[in-house]
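These notes concern the structure reproduced below.
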Amino acid sequence: MPHILAIESSCDETAASVCRDGTILSNIIYSQEVHRQYGGVVPELASRAHLQAIIPVVDEALLTANVSLDEIDAFAFTQAPGLIGALLVGAAFAKSLSLACDKPLIAVHHMQAHVMANLIKTPQKNNTPAFPFLCLTVSGGHTQIVLCEDYLKMKVIGHTLDDAAGEAFDKSAKILGLPYPGGPLIDKYASEGNPGKYKFPEPKIKGLNFSFSGLKTAILYFIRDEKIKDEKFIEDNIADICASIQSRIVSILLNKLKKAANETGIKNICIAGGVSANRGLRRSFEKVGIDEGWNTYIPPFEYCTDNAAMIAITGYYKYLSGIFEDLSVVPSARAPF
Ligand code: KG4
Ligand code: ZN
């Protein structure tokens, strides 16, 4: 019954989790507040906040799991991709624990971990996808369609050529004057709006790749023009604007996912990453799944946005395969998997 302690520090969440034999025992997330006033994540402040938070967060993960440090069989950490200073804090901490406790060290790829969140079983969600499956991974920095042939055996078959889906949400929110991160706020306003009110363009990108920069520009010009006519345009129409933006982002994502499913013939389909917490995407994904005859899988909310439970489950499968690193392993801001 291996116990894995996992650390996630790639961006602005300091997180730690303990899993036993693939079951998550604790999932502690500290979301750094310091960035709010700047309208985005400030890398240097993120590194400093990780330094302050990492000991209490790891302590709490052990305490909640009711597991002591000497019961841990391996230490997993996010190695890539992410903010380099932020990754360094988690990597150095995991290495120190591995050295001090004389237990193996496991490096985890953050985007692979988002996909693996679908393999976490909970009392409410006991079914996990069988291989092969496709995963639409949508986060603040990435938008990928991933073909998963086996645990840890994954191939990116589609990706964004410019902005990520999360950026499309956050940048649209910024245009509307909403605070960072705007994705959850667009989700909130959209729930009361009419998604068919305003029509935004769908880019014509070949194959399974995505593009969101044209949509962002279209939204920017649309809002600028409407505000010239009526300075209270955003205020008076926020719900319909958000619903229309969200509906277009979701349709761009799901149309490509449908294409990927048709081309590969795969019917087990998952979503993952921060944007998979979006209620519009979750609802439409389920609906498309019924229409297309897919078996659909969505991680619980707490495993969609950045968390260490997904690092722990990935670490667990690496542990079973004996994939360990020595202390010379270094984090990387960008790295394919
Ligand atoms: O996976 P994640 O937590 O961090 C990265 O790895 O980037 O994703 C963060 C992104 C942000 O862009 C945030 O606005 C978006 O996920 N997000 C959402 C929602 N919750 C988080 N976007 C739309 N609707 C949401 N409910
Ligand atoms: Zn993430």
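The values are calculated or read from the model by the stated rules, or taken from the named source; none is laboratory data. As the structure is a prediction and not an experimental result, all values here were calculated from the model. Here the Cβ is made from the backbone with ideal geometry for all residues, glycine too, and neighbour counts use every protein chain on show.
Brief remarks follow.
- Residue match in the stretch 233-246 (condition: within 19 Å of the chain's Cα centre (by Cα) and under 30 Å from Glu292 (Cα atoms)): yes
- Sole residue being among the hydrophobic types (A, V, I, L, M, F, W, C), over 16 Å from Arg248 (Cα atoms) and modelled with pLDDT of 95 or more, chosen from Ile186, Ile228, Ile219, Ile205: Ile228
- Any hit, the stretch 283-302, residues being buried (at least 24 other Cβ atoms within 10 Å of the Cβ) and either charged (D, E, K, R) or not in a helix (DSSP H, G or I) (or both): yes
- Verdict on Lys259 being of a type in the set (Lys, Arg), closer than 24 Å to Tyr303 by Cβ and more than 10 Å from ligand 1 (Cβ to nearest atom): no
- Yes/no for Leu83 being surrounded by fewer than 24 Cβ atoms within 10 Å (Cβ to Cβ) and touching an Asp or Glu at 6+ places or on another chain (Cβ under 8 Å): no
- Val42 passes every criterion in (1) more than 16 Å from ligand 2 (Cβ to nearest atom); (2) under 27 Å from Lys125 (Cα atoms) apart from (2).
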